[in-house]
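Notes for the one structure printed next.
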Amino acid sequence: MEQLATLADLPERYLEHLEQSNLVPLWPSLRNVLPPIKPIPHTQSLVWKYSEIKPLLLEAGELTPIEKAERRVLVLANPGHGLENMRATSVIYLGMQLLLPNEWAPAHRHTPNAVRLIVEGEKAYTTVEGVKCPMEHGDLILTPSGLWHEHGHDGDQPVIWLDVLDLPLVYYMEASFVEGGESQPVKTVENKMSYSAGLVPVQHHIRAEQNYPMLRYPWKDAKQLLIDLSEKQSEGPIQVAYVNPETGEDCQKIIGYSVLMVRSGETVQLQPRSAAMVFHVIEGEAEIKIDGKIFGIDQADTACAPCFSNIDLINKSNRPCFIFIADEAPIQKKLGLYSVRARSE
Ligand code: 1HN
């Protein structure tokens, strides 16, 4: 491709004139906004070790009362995007949230979609539109756009979870805002619908409009399914997606969620794709190799990888490793931007 002229090739007087008229020449920036073959991501591959996060999060519990934080969170920020911008990838926000016994994080609702993946602790719960969702290790709890949610804690030990939001994208679109203050309707029913019979209410199934029939995806069910699949299928990656059971579509509209089981001794090679990815270890340990860089990941560690990277998940341990994955595929597919390529090594 032709090398294009730069700003330095233009006279100062001309550049000043352009600026005064709110005009910018395209050609000096064209190769940046439209790089050949693949994007130049700001997202850097990296790992956040839970052993580093946890003591700092517990210290935040001593330094900042919940009333002064509303949500006591340390954000997993990717330096490639600038730490202050609080992004793991261009679309995905990640944070580790701490709730101490008897604390309460008050109800609010906002436009970004969120999920919680429970990392540690017992007897906390999130109430979503009045539905009480108990938090147990590995559970996934949805708080979709526009639904009221609050967190409470009836146990006697700290509870920590991973928040995943599409905040960077929604904020970029100038569509991010919150409503709060009022308490949400106290319906407080346990969400008992399991859909395990393979049946869905007909009127919901036919209606095109998406609702959120399932808010809590218990880890024990996801794990059992992965184990059953691995016994049936002796080769190839074992991965299950969190979907809306009424439509079979991704459980949220912007970020996709799944769990991958890497068997003892197995290496799973992922094909490069246009969407960045986040990995979080629910159980076990592995190595993640991203474009040749190797990181060890233990339980509760979180990694991220930029678009079109070559990713290997390597399990050298003697037990399976279960890895929660968040990716940008749903939004990219809706926009016609998603693609997968052959590995390039
Ligand atoms: C939020 O509402 C929660 O409800 C956690 O727990 C993290 C980060 C940014 C914006 C909203 C929560 C958040 C958040």
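A few comments on the model shown:
- Under 18 Å from the Cα of residue 68 - aspartates and glutamates, other chains or at least 8 residues apart: 59, 103, 150, 179, 182
- In summary, the aspartates and glutamates within cross-link reach of residue 220, defined as a Cα separation below 13 angstrom excluding same-chain residues under 8 places away, comprise 136, 139, 228, 283.
- Placing 14, 212 in order of accessible area, with the largest value first and a 1.4 Å probe, yields 14, 212.
- Accessible carbon and sulfur surface of the chain relative to its total accessible area, %, 1.4 Å: 54 percent
- When the C-alpha to C-alpha distance is required to be over 24 Å, the pairs from 49/289; 293/334; 49/316 that qualify are 293/334.
- Solvent-accessible heavy-atom area per residue, rounded to whole Å², over the chain at 1.4 Å: 52 Å²
- Shown are 174, 266, whose ranking by accessible area with a 1.4 Å probe and every protein chain present, most to least, is 174, 266.
- Ranked from largest to smallest solvent-accessible area, with a 1.4 Å probe on the protein heavy atoms, 13, 216, 31, 116 come out as 13, 31, 216, 116.
The values are calculated or read from the model by the stated rules, or taken from the named source; none is laboratory data. These numbers come from a predicted model, not from an experiment. All accessible areas refer to the heavy atoms of the entire protein, side chains included, with ligands and DNA or RNA removed. Shrake-Rupley method; radii C 1.70, N 1.55, O 1.52, S 1.80 Å.
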